[in-house]
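Single-structure report; data block below.
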Amino acid sequence: MKRQSSDQSRVDCAVAWHLQSGRSRIQRAIAADGFKGDYPYAGVTVVAENRNPEDDPSASIAVETVRDVFAEGVAFGVEDALRDSFLEAAEIISGKKLSGCSAAAIAFSGTHIWYALVGNCRIYKIDSDGVECIVHDQTFAEEVHMSQDHPDYHKKTRDLKWWLGSSTPGKPVCGHARIKFDTTYVIFTAGGWTQFESTSTLVHRKGIKKTLSGWISSLSRELKLAYRRQGGAIGAVSGVKSRTSERVSWKSWAYLAGFLVLIWFLVFANPFSNSSETDTKTDLFSATTPEEIVQPIQADTVASEALTEDSGMLHMLTDSMYHIADETEEITVPDISSELPIQIVQLTGTMPALNPDTFAVNINSEPDLQWENYSPGIYSIRGDTASIVLAEVISETYPGLEIVELDRIITVRENGVTESARWLSNLSPETASRTGVVVETRSSVAGGADWIRNYPVFTNGNRADRSDEAGGFIGDSLPGLPVLRNSRCYRLVIVL
């Protein structure tokens with residue numbers, strides 16, 4: 001079979017969703033959720049909004065029904081599954097005699113997307129050509145082409161032709177499209193798209209490949225949804241370049257080989273061994289922490305020299321690496337032995353045991369989205385040898401997790417709470433979107449403030465046992481950063 005040379009063969013999909021409550025306590029309930037499936041199983045994102053300002057679960061039922069259908073595994077007939085999930089939600093809502101809701105969803109698999117809409121939601125396509133509404137709302141205002149400056153426009157956007165749970169017969173608007181690299185499909189409830197249509201400002205899409213959830217949060221702030229009466233829900237699917245299908249130069253492979261040699265040297269054995277000696281992990285909510293013993297390593301010993309005296313396989317790998325590079329430039333393998341063990345934070349779940357001499361894993365087994373902000377992924381530091389290599393290895397174990405390269409990871413501890421909180425809250429959204437934060441304090445740093453949504457990962461580390469240590473950061477510095485570079489801080493955050 002001939003290999004395809006188009007960009008389509010190298011496209012994968014990222015998905016995210018965001019829910020923002022409004023300022024009114026008496027408002028129409030909104031909901032948003034999704035599911036990221038591993039190919040060939042389809043993923044989905046869905047948003048919904050109640051038809052009336054009544055306290056009923058119509059929107060939640062719609063979102064949960066669509067999500068659960070795809071979470072069970074849909075590999076074929078994706079458009080039919082999407083349509084059937086909408087009709088199933090309509091039956092449940094109608095059977096419970098609830099007020100009903102509007103909803104929109106996008107399902108995706110490979111380079112294909114499928115969409116469905118009912119009520120006063122909208123679906124947009126954003127790419128290099130601009131912004132295009134591909135599915136308009138099913139409302140009286142849209143039917144008669146009423147202008148937005150009409151005094152009754154917002155009232156008529158609530159006058160629906162059909163909705164989930166309606167007593168009159170109807171069906172959702174469905175369709176299919178191909179998704180390309182750097183193309184994003186966005187779904188809005190009415191509270192979101194009415195503001196989106198009325199403003200000429202669009203959040204800059206730089207970095208959307210890596211921080212789609214952060215981009216949606218920025219879009220919510222740009223549209224000032226938190227200050228609107230209704231609030232709004234947003235979901236998005238974006239085309240990104242697939243890491244597995246991109247061609248990698250021989251030089252990149254040579255550097256990667258060097259990094260892998262370094263890790264072999266540091267560990268001296270399989271770091272993922274299930275032996276009792278290496279099966280030690282630390283729960284951040286535990287009162288005691290196992291003592292960590294670091295294998296002594298000569299700091300001045302060059303890794304490549306040590307490896308030539310180790311095993312034959314490593315000798316061959318080292319020779320091969322330098323043979324490739326000898327006609328271009330010398331590859332220097334950095335020595336980070338003095339920085340062991342490498343600090344890692346993991347949120348929920350279990351993972352293969354890591355050698356405690358090399359990797360110290362603190363598990364946040366009870367994260368709380370009210371006080372923390374995170375999405376599933378492997379968050380490493382751009383340009384940091386240890387975290388990049390380990391992220392790639394863990395990615396093989398969890399192929400569904402996206403590797404998100406941050407410019408820096410900041411660790412806040414008790415001696416820097418006030419200064420760090422003030423500085424972090426004033427950091428620009430664009431800079432914050434490339435910054436991770438791990439909090440290890442007894443007191444709260446942000447208290448669940450909205451600005452933590454600017455950060456792709458803002459989470460708790462080992463608050464019980466590490467708060468007395470000095471804070472710091474790994475990665476690139478920034479002006480005014482109130483902490484110093486500290487190799488004993490976190491280099492990797494894993495969110496399962």
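Site pair SER428 and SER487 shows an inter-label distance of 3.3 nm when each label is modelled 7 Å from Cα along Cα→Cβ. Couplings 3J(HN,Hα) for region 81-88, derived from phi with the Karplus relation 6.51 cos²θ - 1.76 cosθ + 1.60 (θ = phi - 60°), are 5, 5, 5, 5, 5, 5, 5, 5 Hz, where x marks Gly and Pro.
Once the 1.4 Å probe is applied to the protein heavy atoms, region 351-472 comes out at 36 Å² accessible per residue. Size estimate for region 337-388 follows the Kirkwood approach: the inverse of mean 1/r over distinct Cα pairs works out to 12.7 Å. Summarising the overall dimensions of region 34-105 from its C-alpha atoms, the Rg and Dmax are 12.4, 39 angstrom. In terms of packing, defined here as the mean over residues of other Cβ atoms within 10 angstrom, the peptides 58-70, 30-42 line up highest first as 58-70, 30-42. If the Kirkwood radius is taken over C-alpha pairs of region 340-469, then at 37 °C and 0.692 mPa s the Stokes-Einstein diffusion coefficient equals 216 µm²/s. Using the Cβ of VAL118 as centre and a radius below 12 Å, the other residues enclosed give a net charge of +3, where K and R count +1 and D and E count -1. Among the listed pairs LYS36/LYS161; LYS36/LYS171; LYS171/LYS224; LYS97/LYS224; LYS125/LYS161; LYS96/LYS161, a Cα-Cα separation exceeding 28 Å is found for LYS36/LYS161; LYS171/LYS224; LYS97/LYS224. Extending 7 Å from the Cα toward the beta-carbon at both ARG229 and LYS180 defines two label points whose distance is 4.1 nm.
A simple count of charges around GLN20, restricted to other residues whose Cβ falls under 10 Å of its Cβ and scoring Lys, Arg +1 and Asp, Glu -1, yields +3. Averaged over residues, the count of other Cβ atoms within 10 Å places the peptides 489-496, 384-391 in the sequence 489-496, 384-391, highest first.
The values are calculated or read from the model by the stated rules, or taken from the named source; none is laboratory data. No experiment lies behind these values; they were computed from the predicted model shown. As a convention, Cβ positions derive from the backbone with ideal geometry for all residues, glycine included, and neighbour counts pool all protein chains shown. SASA here: full protein model, heavy atoms, side chains in, ligands and nucleic acids out. Shrake-Rupley method; radii C 1.70, N 1.55, O 1.52, S 1.80 Å.
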